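Participant: Take a look at the following structure, please.
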Amino acid sequence: MVLLTALIRVLHARFHSPVDIVTSGPWSEPLLRGQPGVGEIWTVRSRKTPYWLSVDQRRVVRLLRSRGPGPTWYCDGSDAARPLLVRAGIPREFIVDVKDHPLKPGEHATEQWRRLAQITPTSLTAAPDADLAAVTPGCHLEVGDGQRADLEAWLRARGLSVMPLILIQIGNKRTMRRGLRRLAVNNKYWPNERWAQVLRQVRLRCPDHAIVLLGTGPEYSLNREVIALAKVAGLHNAADDLPIPRLVALLERADGLITVDSGPAHAAAAVGCPLVVLFGKALPSLYRPWGTAGAEVKVLCGRLAGEPDMLAIESSSVIEAWASLSLRSQISGGRASADGG
């Protein structure tokens, strides 16, 4: 959903009206609510539930019908949600489907979404005018004053409000699935011992920073294990208390981030936070974090048996990349402030 801000901002510039969004991810609404160009956000919790058993699906169809047919961008690689558009009475000629406009060789995901947003449905006789040069390529998230105030209160409660911050994202959405971190499907797993080595070196290089470990609730125990291995002071496990609006504000506030390829990596770039990101199977050419603020992003990859594999990335490579990263406070000439200074 962070990547899709590249599409939303161009559509908003073209049509000069808010872009309503239908999504199935529970994180989409708190992430996108109040963002530039975003209108209503309607969530379908499950697209696999039969229509007549799904209150969410019926509600979305009812709301789409009440709007009447209009230009629609279908951004899902699956056809699972297409029947909702049919039920809502949106003809095919109103729809721009991403499957009809596949990636071009070497194209980044945000470039694809930007290109898709410039395609006009066949139902429109003329394309709306827009100064797309004014819409900076890449992903963009704005942090509101309410988010910053919430973050500052949270930091004060943890004794961190006056400290510069470094963030670490160890887990990903597969990390604790069914309680097994090392499942073959988790291609973003990186060993705890290597994370501990990285934390020790970060602490040596940045002795005055608080180091905050990110994550969702199920990742709290994973962070705790790594903290126990690292055996250094000033580590803070925040995976139990990071709703998405607070996480985005924290990323805006922090000096830098070390992370696996993940949602927080893209959100960090979208708010201008410098980062080191470890890639597994995903293609950096397609999914390298790219934000409009131009944050420095150092990408690390590895190969095992001729295949991309995060396990081939050595801790020394991460430490070296971090040492050469320009932290936000170094760029701004002082400690990062609550407004991202």
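Laboratory data are not the source of any read-out in this text; all were calculated from the coordinates shown. Quick caveat: nothing in here was measured; it's all calculated off a predicted structure. Here the Cβ positions follow ideal geometry from the backbone for every residue, glycine too, while neighbour counts run over all protein chains shown.
Participant: Report, by chain and number, residues whose modeled amide H sits under 5 Å from the one on V260, excluding near sequence neighbours (fewer than 5 apart, same chain).
Facilitator: Distant-sequence amide H within range of V260: Q169, L278.
Participant: Say we join alpha carbon atoms closer than 10 Å with springs in a Gaussian network model of the chain; which of W42, W52, W290 then has the biggest fluctuation?
Facilitator: Sorting by GNM fluctuation, first place goes to W52.
Participant: Taking amide H atoms as placed 1.01 Å from N in the peptide plane, list the residues 5 or more away in sequence, or in a different chain, whose amide H sits under 5 Å from that of V19.
Facilitator: V38, G39
Participant: What FRET efficiency do you get for D240 and R65 if R0 is 45 Å and r is their Cβ-Cβ distance, rounded to the nearest 0.05? Could you put the intermediate results ahead of the total?
Facilitator: Working: r = 41 Å, r/R0 = 0.92.
Taking R0 as 45 Å, the efficiency between D240 and R65 is 0.60.
Participant: Could you pull out the trypsin sites (Lys or Arg not before Pro) across the stretch 16-80 that fall in loop regions by DSSP (anything but H, G, I, E, B) with no more than 14 other Cβ atoms inside 10 Å? Present the calculation step by step, with values, prior to reporting the outcome.
Facilitator: Values: sites: R33, R45, R47, K48, R58, R59, R62, R65, R67; in loops: R33, R45, R47, K48.
Within the stretch 16-80, the qualifying trypsin sites (Lys or Arg not before Pro) (loop, at most 14 other Cβ atoms within 10 Å) are R33, R45, K48.
Participant: Ok, one more. How large is ³J(HN,Hα) for each residue in the stretch 269-285, as worked out from phi by the Karplus curve 6.51 cos²θ - 1.76 cosθ + 1.60 (θ = phi - 60°), to whole Hz, x for Gly and Pro?
Facilitator: Along the stretch 269-285, the couplings run 4, 5, 10, x, 8, x, 8, 10, 10, 9, 9, x, 7, 5, 8, x, 4 Hz.
Participant: Mind checking the dipole of the stretch 145-332: about its Cα centre, +1 per Lys or Arg Cβ, -1 per Asp or Glu Cβ, Debye to the nearest 20?
Facilitator: Values: 23 positive and 17 negative charges, 88 e Å.
For the stretch 145-332, the charge dipole is close to 420 debye.
Participant: Under 5 Å between amide hydrogens, which residues at least 5 positions from Y74 or on another chain qualify, with H placed 1.01 Å from N in the peptide plane?
Facilitator: Under 5 Å from the amide H of Y74 lie the amide H atoms of V96, D97, V98, each far enough along the sequence or on another chain.
Participant: If you don't mind, another one. Say each of E107 and S123 gets a label point 7 Å from the Cα, pointing the same way as Cα to Cβ; how far apart are those two points in nm?
Facilitator: 2.3
Participant: Can I ask one more? Please state the relative contact order of the chain as a whole percent: Cα pairs under 8 Å, 6+ residues apart? Before the final figure, lay out the partial values.
Facilitator: Numbers: 583 pairs, mean separation 54.9, N = 341.
Relative contact order, the chain: 16 percent.
Participant: Of the peptides 128-138, 237-247, how do they stack up when ordered by the mean number of other Cβ atoms within 10 Å, highest first? Display every interim value, and only then the final one.
Facilitator: Values: 128-138: 13.3, 237-247: 18.3.
For the peptides 128-138, 237-247, the packing ranking is 237-247, 128-138.
Participant: Given a Förster distance of 25 angstrom, what is the FRET efficiency for L304 paired with E193, based on the Cβ-Cβ distance and rounded to 0.05?
Facilitator: Efficiency for this residue pair is about 0.90.
Participant: Cross-link partners among lysines for K99, C-alpha distance below 27 Å, same-chain residues fewer than 8 apart left out?
Facilitator: Straight-line reach from K99, under 27 Å: K48, K173, K188, K281.
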